[in-house]
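Before any comments, here is the structure.
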Amino acid sequence: LVNGCCNVHVPSTKLYSCDSCLPNGCCSIYEFCVSCCLQPSKQHLLERFLNRAAIAFQNLFMAVEDHFELCLAKCRTSSQSVQHENTYRDPIAKYCYGEYPPELLPV
């Protein structure tokens, strides 16, 4: 739409799409990560994360004002998505909203 939002009345519009996401909450497409993270059922998981991250990531996550902004921040790649500072833990599903980062790749 003109305001940048999707038209929810179009049959092809899907809310909370997780099409490229794995069960661990990691996705290969950033937009699907955000969409899947926005599911109302994920709100409890995100609240738990915020409570634990309050001290460690205070500057980053305390600035978010709503569920959408939290999902935007959580799905961005971070140091939890990489190993050895230069390799993605999962080079395909690198956008994660889940509680835990992807497994480390074997060396």
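Here are some notes:
- Ranking Y100, Y16, Y88, Y95 by solvent-accessible area of protein heavy atoms (1.4 Å probe, all protein chains present), from largest to smallest, gives Y100, Y16, Y88, Y95.
- Sequence-distant residues sharing a close amide H with V82 (under 5 Å, placed H): R89
- Shown are D66, D90, D19, whose ranking by accessible area with a 1.4 Å probe and every protein chain present, most to least, is D19, D66, D90.
The values are calculated or read from the model by the stated rules, or taken from the named source; none is laboratory data. Computed from a prediction, not measured in an experiment: that's the story for all the values here. Each accessible area value is taken on the protein alone, full model and side chains, heavy atoms only, with ligands, DNA and RNA left out. Shrake-Rupley method; radii C 1.70, N 1.55, O 1.52, S 1.80 Å.
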